[in-house]
Amino acid sequence: NSGAIEPEEDGLKETVRRLHNHPGITVDIVTARTGVETAMQEWLENHGIADYRQFKSVTATKSGLGYDIYIDDKPSLGAKLSEQQVQYLIQGPHNTAGESHPQTIPIPTVKSAADHILSHIREY
């Protein structure tokens, strides 16, 4: 049951909505996991996360999508970003000793990343 796994942080639906509703911000949900796309979309739906432009599944690196800002928990993503791109690295037990890159901003939650982005929106 894809709805049985709870979000790792409270208010995720509202956080995604805040980003999505801000002018000039486009929110896409992207996964590099294959074979679970339908279950992931059902999970998003079951948790009311519907405020995004599109859901994408990629087999190559996410950095190739050309986004300005990434909110992701993969420590190695920062090494693949250009100087114009930023990754908010969501810290978790699986990546606390992650790699450090100039484009990476370690941050505890998606909400913290959204707060930072929205408070610095003109800088991007």
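The values are calculated or read from the model by the stated rules, or taken from the named source; none is laboratory data. Everything numeric in this text was worked out from a predicted model, so none of it was measured. Every residue, glycine as well, gets a Cβ built from its backbone with ideal geometry; the counts of neighbours run over all protein chains shown. Each accessible area value is taken on the protein alone, full model and side chains, heavy atoms only, with ligands, DNA and RNA left out. Shrake-Rupley method; radii C 1.70, N 1.55, O 1.52, S 1.80 Å.
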Exception for PRO102 within (1) open to solvent by 30 Å² or more (accessible area, probe 1.4 Å); (2) modelled with pLDDT of 90 or more falls at (2)
Out of the residues in the stretch 31-63 that are open to solvent by less than 60 Å² (accessible area, probe 1.4 Å) and in a strand (DSSP E or B), state the one that is farthest from GLY11 (Cα to Cα). SER57
Whether any residue in the stretch 84-96 is hydrophobic (A, V, I, L, M, F, W, C) and either part of a loop (DSSP other than H, G, I, E, B) or open to solvent by 50 Å² or more (accessible area, probe 1.4 Å) (or both) is what I want to check. no
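So which residues in the stretch 43-64 are of a type in the set (A, V, I, L, M) and at pLDDT below 95, if there are any at all?
VAL58, ALA60
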Residues of the stretch 1-30 that turn out to be in a loop (DSSP other than H, G, I, E, B) and closer than 26 Å to SER119 by Cα, as a count: 12
Answer yes if at least one residue in the stretch 2-21 is at pLDDT 95 or above, touching a Lys or Arg at 6+ places or on another chain (Cβ under 7 Å), among the acidic types (Asp, Glu) and open to solvent by less than 50 Å² (accessible area, probe 1.4 Å), and no otherwise. no
